[in-house]
Amino acid sequence: MGEECAEVVVRINHPRLDRVFHYRIPEGTEKPQPGSRVTVPFGPRTVEGWVIGYSEPDPEISLREIAGITDVEPDFTEELLELARWMSGYYLHPMGEILDKISPPPKPKRPIQVFASPPVSPKVQPHELVLTVEQQIALDKIKKSLLCRDHSRFLLYGVTGSGKTEVYLRAAEAALVAGRQVLYLVPEIGLTPQKKQIFQERFGEQVAVWHHRLAGREKYRTWEGVRNGKLRVLIGPRSAVFAPFCELGLIIIDEEHDSAYKQQEKPYYHARQVALWRARYNSAAIILGSATPSLESYASAAWGRMEVLSMKKRPAGRSLPVVNVVDLRQEPAGRLSFLSEYLIEQIRLRLERKEQVILFLNRRGFAPLIYCPVCGDVIKCKNCSISLIYHKQTKDLRCHYCNAVRPLPGSCPSCGSTKKLRFLGVGIQRVEKEIVNLLPEARVVRLDFDTTRRKGDFQRILGSFARREADILLGTQMVTKGHDFPGVTLVGVLNADLSLNLPDYRSAEHTFQLLKQVSGRAGRGATPGEVVVQTLNPNHYSIRTACLGGDEFFYREEAYRRRSLGYPPLAI
DNA sequence: AGCACGCCGACT
DNA sequence: GTCGGCGTGCTC
């Protein structure tokens, strides 16, 4: 007769060691709980690992004993162990590395400051805001599901400015009142401060933020708070999906279509997928919110795996912006190919009216292509073989793939000609220069990777624009993310084709999402907004539907194309 | 991944 | 007769 022995996964990232090793428990020692961190003899050395369960091993192999237990408290709850096991199979990744990456933060050396007095009952600030009919219907369904604990999945499909945040807040309130915890996921760490403020105004100190850049002490305190239930609402980016909740009742994934939810390095995972798993495990409700759902979620809803909560209207007094498409092919051959006469006219009008403008171009730098007029060679990155981009402020060439920097050469690196190298194409710095030339009275700020290198730059630039210290906000991708500027009445998309022509089967989806998201920045105040989209492809289905409406048409068309080409999520 | 074992060439 | 090159194989 054998005996129950500990199943141990070692903390070594190697495919050949991605399995369970059995160990005996030393005489007179208490069995470590599953999830406990242990040290075990392993061949000639001693290594760290985790007990993940107990079973009767093959009697043929001779067993060794566990050398020591690191901590009385297990590193993982039963749920997180189960989750790691699922991830290991689903993402085909060694369990040891997954456990390593989701293990709790180390205990600080000095004693930690304990939370003053835990809230006995959920404190909730009263709120007077009247919900729209659509908000009320959505909220009622979510609340009902929270009470039944029936693990409902909702796709909160609401246009930008329809008040999704208010629905999240009230759903969170319902979960708190029911005595359960809330996980609120956002795409980026940069979005956590504002969300924290919004949630804390209503729920007070039971709200916390978690992300990997927190300082050691704060990190540990938050982790502990979530584990022992003193913290009730956790806000964070994808890594927060591994927090050790004890009574998880509601998960909210804001901007669920955002690709930042996918971890692109080991261990690979998609936070949306992990969140769905945890919601099911905990019989928790889950809300995926977006104005532009991912094709995956849209399909999921169409297949009946999720319930759609649709919000098509903005609250009273706030209309959706008018979208005008400018066909760049019809522009008279003028000096500037990237600023149509119509757009310039509209910018002027807004400046006169003292309103604000956002201009969006998804390309950093001054000119994306530098070539020699003699031999025609384009200067490329030595590492990546993609063309280098000229940056005006630093007067150098930069690779946008590997971030390599080199000076602008005085002669052609290929043929040695000293004839002046030529710039081709338009980046955001070039637009800035032309706008300043064209509209010298306008106060312009630029928001991109290069102007936000130092800590606080991002908030500083956005803050000054929000205080109306600038008239025009010029930016890349960054300007599209969930900001609310009531003074903005015009959004210009300088080149809608950039994302459309990327070699990615999702480029049409990404273009559609980008256009709708950036359009949503217009007309958030009392004055109605306008969006001007410049494009060479005014008839492309993603541009047409994003500009003229008809989301269903876009999703149907895109689904049809994916299915015929065998691409996810409709591959057969 | 580590770490030991092992089996051949060049050195005291 | 010993030191050390890194190919092979194992880890409960």
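The values are calculated or read from the model by the stated rules, or taken from the named source; none is laboratory data. Worth saying up front: this structure is predicted, and the values here are computed from it rather than measured. Using ideal geometry, Cβ is built from the backbone for each residue, glycine included, and neighbour counts are taken over all protein chains shown. For accessibility, only protein heavy atoms count, side chains too; no ligands or nucleic acids. Shrake-Rupley method; radii C 1.70, N 1.55, O 1.52, S 1.80 Å.
At a glance:
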{"read-out": "Complete set of residues in the stretch A:14-53 that are more than 17 Å from A:Leu81 (Cα to Cα), within 12 Å of DNA strand B (Cβ to nearest atom) and touching a Pro at 6+ places or on another chain (Cβ under 9 Å)", "value": "A:His14, A:Pro15, A:Leu17, A:Val47"}
{"read-out": "Residue pairs meeting the criteria (Cβ under 6 Å; at least 6 apart or on separate chains; first over 9 Å from A:Leu155 (Cα atoms), in the stretch A:280-293; second assigned to a strand (DSSP E or B) and small (Gly, Ala, Ser))", "value": "A:Ala284/A:Gly249"}
{"read-out": "Of the criteria (1) at pLDDT below 95; (2) in contact with a helix residue (DSSP H, G or I) (Cβ under 7 Å, 6 or more places away or on another chain); (3) buried (at least 18 other Cβ atoms within 10 Å of the Cβ), which one A:Leu336 fails", "value": "(3)"}
{"read-out": "Extreme residue, farthest from A:Asp18 (Cα to Cα), among residues of the stretch A:49-71 that are away from DNA strand C (no atom under 13 Å from the Cβ) and open to solvent by 40 Å² or more (accessible area, probe 1.4 Å)", "value": "A:Asp71"}
{"read-out": "Strands (runs of 3 or more DSSP E) completely within the stretch A:414-516 that count 1 or more residues being modelled with pLDDT of 95 or more and under 30 Å from A:Gly317 (Cβ atoms)", "value": "A:444-447, A:472-475, A:488-493"}
{"read-out": "Test: residue in the stretch A:280-295 that is open to solvent by less than 10 Å² (accessible area, probe 1.4 Å), out of contact with any Phe, Trp or Tyr (no Cβ under 8 Å at 6 or more places or on another chain) and modelled with pLDDT of 95 or more", "value": "yes"}
{"read-out": "First in the stretch A:357-377 and free of Cβ contacts under 8 Å to residues at least 40 places away in the same chain, second anywhere and of a type in the set (S, T, N, Q) and assigned to a loop (DSSP other than H, G, I, E, B), Cβ under 8 Å, 6 or more apart", "value": "A:Asp377/A:Ser414"}
{"read-out": "Per-region count, the stretch A:437-496, residues in contact (Cβ under 8 Å) with a residue 40 or more places away in the chain, under 28 Å from A:Arg213 (Cα atoms) and of a type in the set (A, V, I, L, M)", "value": "1"}
{"read-out": "Residue, most open to solvent (accessible area, probe 1.4 Å), within the stretch A:364-393, restricted to residues that are within 18 Å of A:Arg446 (Cα to Cα) and in contact with a Lys or Arg (Cβ under 9 Å, 6 or more places away or on another chain)", "value": "A:Lys392"}
{"read-out": "Condition check for A:Ser499: open to solvent by less than 70 Å² (accessible area, probe 1.4 Å), under 20 Å from the mean Cα position of the chain (by Cα), hydroxyl-bearing (Ser, Thr, Tyr) and within 20 Å of A:Ile389 (Cβ to Cβ)", "value": "yes"}
{"read-out": "Selection status of A:Thr527, in contact (Cβ under 8 Å) with a residue 12 or more places away in the chain, closer than 19 Å to A:Leu343 by Cβ, open to solvent by 50 Å² or more (accessible area, probe 1.4 Å) and polar (S, T, N, Q)", "value": "yes"}
{"read-out": "Elements of type strands (runs of 3 or more DSSP E) in the stretch A:230-314, at least 3 residues being under 11 Å from A:Tyr184 (Cα atoms)", "value": "A:233-236, A:248-253, A:285-290"}
{"read-out": "Search result, residues across the stretch A:553-569 that are closer than 17 Å to A:Asn539 by Cα and open to solvent by 30 Å² or more (accessible area, probe 1.4 Å)", "value": "A:Phe553, A:Arg556, A:Glu557, A:Arg561"}
{"read-out": "So A:Phe423, is it more than 30 Å from A:Ser519 (Cα to Cα) and either open to solvent by 40 Å² or more (accessible area, probe 1.4 Å) or in contact with a Phe, Trp or Tyr (Cβ under 7 Å, 6 or more places away or on another chain) (or both)", "value": "yes"}
{"read-out": "Answer residue from the stretch A:18-47, given it is within 33 Å of the chain's Cα centre (by Cα) and crowded, with 16+ Cβ neighbours inside 10 Å and is farthest from DNA strand C (Cβ to nearest atom) among those", "value": "A:Gly35"}
{"read-out": "Given (1) of a type outside the set (S, T, N, Q); (2) open to solvent by less than 20 Å² (accessible area, probe 1.4 Å); (3) modelled with pLDDT of 95 or more, number of the condition A:Tyr90 does not satisfy", "value": "(2)"}
{"read-out": "Some residue of the stretch A:54-74 being modelled with pLDDT of 95 or more, within 41 Å of the chain's Cα centre (by Cα) and within 16 Å of DNA strand B (Cβ to nearest atom)", "value": "no"}
{"read-out": "Any chance A:Glu78 is of a type in the set (D, E, K, R) and within 16 Å of DNA strand B (Cβ to nearest atom)", "value": "no"}
{"read-out": "Residues located in the stretch A:1-11, provided they are within 16 Å of DNA strand B (Cβ to nearest atom) and either charged (D, E, K, R) or surrounded by fewer than 17 Cβ atoms within 10 Å (Cβ to Cβ) (or both)", "value": "A:Arg11"}
{"read-out": "Breaking point among (1) out of contact with any Gly (no Cβ under 9 Å at 6 or more places or on another chain); (2) outside any strand (DSSP E or B), for A:Leu320", "value": "(1)"}
